[in-house]
Protein chains: 4
Amino acid sequence: MKTRDRIIMAALELFNERGESNVTTNHIAAHLGISPGNLYYHFRNKEEIIHSIFDEYASDLRIRFQPQAEFDATAESLLQYLDAVFMLMWRYRFFYANLPDILRRDEGLQGKYMAAQENLHQNMMALMESFKQGGLLDLDDKELLSLTNTLKLVASSWICYQTTQAPGAKITKAVIYQGVLQVLSIVRPLTTDKGRERVLQLETHYMDQERQDIA
Amino acid sequence: MKTRDRIIMAALELFNERGESNVTTNHIAAHLGISPGNLYYHFRNKEEIIHSIFDEYASDLRIRFQPQAEFDATAESLLQYLDAVFMLMWRYRFFYANLPDILRRDEGLQGKYMAAQENLHQNMMALMESFKQGGLLDLDDKELLSLTNTLKLVASSWICYQTTQAPGAKITKAVIYQGVLQVLSIVRPLTTDKGRERVLQLETHYMDQERQDIA
Amino acid sequence: MKTRDRIIMAALELFNERGESNVTTNHIAAHLGISPGNLYYHFRNKEEIIHSIFDEYASDLRIRFQPQAEFDATAESLLQYLDAVFMLMWRYRFFYANLPDILRRDEGLQGKYMAAQENLHQNMMALMESFKQGGLLDLDDKELLSLTNTLKLVASSWICYQTTQAPGAKITKAVIYQGVLQVLSIVRPLTTDKGRERVLQLETHYMDQERQDIA
Amino acid sequence: MKTRDRIIMAALELFNERGESNVTTNHIAAHLGISPGNLYYHFRNKEEIIHSIFDEYASDLRIRFQPQAEFDATAESLLQYLDAVFMLMWRYRFFYANLPDILRRDEGLQGKYMAAQENLHQNMMALMESFKQGGLLDLDDKELLSLTNTLKLVASSWICYQTTQAPGAKITKAVIYQGVLQVLSIVRPLTTDKGRERVLQLETHYMDQERQDIA
DNA sequence: CATGAATGAGACTTCATTCAT
DNA sequence: CATGAATGAAGTCTCATTCAT
């Protein structure tokens, strides 16, 4: 792997572990066994590293949530969606934990972030709409918007929130699965009979996963 | 006002404005026009200032959410609850935005925080239960727990989430009212007819407030 | 007791315990339960406190080692001398441990100290001379000077030296008695038969004391 | 010379001149014309600088006092010993002057120091024993132990003691030579005829040296 | 590409001392 | 006599960043 990519990976790993502001560029270099000078050969500054991480994140986000050409709401496909969301949340969790600070001092990133969020919002809305059209959800347009917003908020806050609820505790997969279940519990009251059935399938799946992870 | 209290106020103000880690003890002192030595006369270190702010927060939290002796779910009383929640979120918003970092480096605060959260959870559960008993909510025990958790998460993440959605933008009262409305939208699908009516009253109230604030 | 004297006492106690440079004027005031302002009412600055302690020390030193009008070298009287020396060393031990630093920054104290040392030297020389005249010591004038210097050095360095040999350990009376025995071991090779007998008496006495203290 | 070594040298020089506690890391950096940051690039903190100096000292101490395989008490070899002792005392004199304070706040150094002292004591005892076996000293085992302790104390206290006797005055070589002579005067009463002769030779040597230095 | 020594601004904190009350 | 809030210089240490090699 190229040094540049190794730096991004190491930074992401350390940021997630200790929080962005507690990781110095020297930490990252030392972690990789390279010199600080070398790090600065590949990146003009710390900000640029964060930008690169963000670019990966935004790219992941775009790919995963591309609206499907044809509607497809099999349990299988829903699982993939949910797994993808929380995988993203997990992979870039430092970002969610430090977002206000990071964005405050980097106007360039603010722009990128807003664009990514806007794109995500559109895709999420399209997805929810397709669920509604597919007869899984029973709600009006206003409710659909509210639901989308709630889901976005809950998904993106989940890991950070759990971190604070049990400080020091490692975030395990079980915590992630609980996040999915929490999301499902929000959706359930708004489902049709068909949708509810689908939710139950998913709940069963994630409760099994959770049980396996704890064991 | 006593210098000690002025320091707490200034710190809270600056923390909220710029993020805790971006505010130095020198900033706080300069903001008040006092010497750094004076600040350290009143507080042993920055940590102690944060503890003092937290103590105020925890005290507010405890008082506001004391379970009522008699059940009382008039629109009036619900309004007070909702206002209180979001007032707290707003007053101590830096805390929510920087919680992982703050707790990570202060084990003492972790303990206090966990205790406060536990207390809050009990009170919230009691409140939701009383809504159920009062015929406002229609849900089983598991759903009640899920709802409580969602509400806690949404309420405590709302301001931080909004900050990131529109970075640089000041958080106005309108944003707060939208938070309340978001919370109501989560509750609504689980209400009885009587409960739905109450929710509608509240929605009307906060939509009016929002309109006024924007104007 | 007057506040002024209590300050001197507290300062001496804390200096001995923690070293002069590790004791702040605030420590002293807090230890007495008085305000820093009050301390500075009684003393212009920290230096003045040290001066006052030194004045007590110098006065003690002068009184204890006043040459006796009539020669008197009974074991009883020798005991008093030795006890007095080491009591002084003990009472003002911080002084010996921090002397270079203290004198370096206080020229006024340097003068006082030199005068006290000069006076002590004269008295010690007179004392040793009287031991020689009294037929206790067998040595020429050059040896007498050397012995005097050695004794002064050993006595004044003893406690500080022991502190470093067992850092953290409390200096007990047993350590003091060992110091006396060390001094006696230096004198013994230079005694007459009569003198040696006297030394043996003293050694017996201090070995008993040491044993008692340890038990 | 490497910056790291220059820092150690400068620190040693300044510590000796002004006392360890009166020399800040900024002083050291300024003295070398480097930035404070650079100093902290080479040493994690002031303590580590002191440790490095101590390590050099302990290494010197160990090498110089390694017991000789074959007994060798020519005046030449004795001279080397005495010179070595006082060279050490002189080179690391700040250490002796500030030992109680330095050890008090650095437990790690305490351990190292105790080990070095124990090693020194063993070597000194072996040396004195070899003098006794070589027919230079005439004393019993208890006296030999006392003598060893006295010599260690006098040698290690000499420079500090002299500093206080003439504060402000520079410690010259002459002062060092007087220290050697003082040590010899302690040994002399315990020598055999052969030993006394050797002591006289050494005294003559150091009195010549002293005279030369003063001139 | 890579090294690693070097920079310097600035963070947190301490403490002898002052002064209005 | 006494209080205690206040000062400000200075000390230790950190870290993003630069640059000669």
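Every number in this text was worked out from the coordinates using simple rules, so none of it is lab data. Predicted, not measured: the structure shown is a model, and the values here were computed from it. For neighbour counting, all protein chains shown are included, and Cβ atoms are generated from backbone atoms with ideal geometry for every residue, glycine included.
Among B:ILE53, D:ALA11, A:THR163, which residue has its Cα positioned farthest towards the positive end of the charge dipole of the protein assembly as shown, with +1 placed on the Cβ of Lys and Arg, -1 on the Cβ of Asp and Glu, and the dipole taken about the Cα centre?
D:ALA11
Once you keep just the Cα pairs under 8 angstrom separated by 6 or more residues, what percentage relative contact order results for the stretch B:1-43?
Reported as a whole number, the value is 37 percent.
Can you figure out the FRET efficiency of B:THR192 with C:SER35, using R₀ = 60 Å and their beta-carbon distance, to the nearest 0.05?
The calculated FRET efficiency here is 0.35.
Given C:PRO36, C:TYR81, C:GLN68, which one lies farthest toward the positive end of the charge dipole of chain C, if we put +1 on the Cβ of every Lys and Arg and -1 on the Cβ of every Asp and Glu?
Projecting each Cα onto the dipole axis, the largest value belongs to C:PRO36.
Would you kindly compute the Cα radius of gyration of the protein assembly as shown and its largest Cα-Cα separation (Dmax), both in Å?
Rg then Dmax for the protein assembly as shown, in Å: 39.6, 122.
How many Å³ per residue does the convex hull of the Cα positions in the stretch D:1-43 occupy?
Expressed per residue, the convex hull around the Cα atoms of the stretch D:1-43 is 58 Å³.
Shortest first, in nm, what separates the label point of A:GLN133 from those of the same position in the other copies (7 Å along Cα→Cβ)?
Label-point distances to the other copies, shortest first: 4.8, 10.3, 12.4 nm.
Between the stretch A:37-60 and the stretch D:184-205, how far is it from one alpha carbon centroid to the other, in angstrom?
After rounding, the separation between the Cα centres reads 76 Å.
Could you work out the mean count of beta carbons from other protein chains within 10 Å of each residue's beta carbon in B:149-155?
What the average comes to for B:149-155 is 5.
Between copies, how far does the label point of A:LYS194 sit from its twins, in nm, shortest first, when each point is 7 Å from Cα along Cα→Cβ?
3.6, 11.6, 12.6
If you place +1 on the Cβ of every Lys and Arg and -1 on the Cβ of every Asp and Glu, how big does the dipole about the Cα centre of the protein assembly as shown come out, in debye to the nearest 20?
In debye, rounded to 20, the protein assembly as shown gives about 1060.
So if I place +1 on the C-beta of Lys and Arg and -1 on the C-beta of Asp and Glu, and nothing else carries charge, what would the dipole magnitude of the stretch B:1-43 be about its Cα centre? I want it in debye, nearest 20.
Dipole about the Cα centre, nearest 20: 160 debye.
Can you figure out the FRET efficiency of D:ASP213 with D:THR3, using R₀ = 35 Å and their beta-carbon distance, to the nearest 0.05?
Calculated transfer efficiency: 0.55.
Suppose a student asked you for the relative contact order of chain A, using Cα pairs under 8 Å spaced at least 6 residues apart; what percent would you report?
Worked out over chain A, it gives 19 percent.
Okay, helix-only estimate at 222 nm for chain D: each DSSP H run of n ≥ 4 adds -39500 (n - 2.57), divide by all residues, round to 500 deg cm²/dmol; what do you get?
Using -39500 (n - 2.57) per qualifying helix, the result is -26000 deg cm²/dmol.
Let me spell out the model: positive unit charges on the Cβ of Lys and Arg, negative unit charges on the Cβ of Asp and Glu, origin at the Cα centre of chain C. What dipole size does that give, in debye rounded to 20?
620
Which GluC sites (Glu not before Pro) in the stretch C:21-129 pass both tests, a DSSP loop state and at most 14 other beta-carbon atoms within 10 Å?
Filter output for the stretch C:21-129: C:GLU70.
Starting from the amide H of C:LEU137, placed 1.01 Å from N in the peptide plane, find each other amide H under 5 Å away whose residue is 5 or more places distant or on another chain.
C:LYS132, C:THR192
Over all residues in A:6-16, what is the mean tally of Cβ atoms on other chains that come within 10 Å of each residue's Cβ?
0
Can you give the FRET efficiency for D:GLN133 and C:GLN133, using 1/(1 + (r/R0)^6), R0 = 45 Å, r = Cβ-Cβ distance, to the nearest 0.05?
Once the sixth-power term is evaluated, E becomes 0.70.
Taking a ≥ b ≥ c as the square roots of the eigenvalues of the Cα gyration tensor of the stretch B:74-215, is the shape rounded (a/c under 1.5), prolate (a/b larger than b/c) or oblate?
Taking the square roots of the gyration eigenvalues as a ≥ b ≥ c, the stretch B:74-215 is oblate.
Taking every residue in B:17-24, how many Cβ atoms of other protein chains lie within 10 Å of its Cβ, on average?
Whole-number average of other-chain Cβ neighbours for B:17-24 is 3.
I need the helices of chain D that pass two filters: whole DSSP H segments spanning 30 Å or more by Cα along the axis, and mean Kyte-Doolittle score no lower than -0.5.
Result, helices passing both filters: D:141-165.
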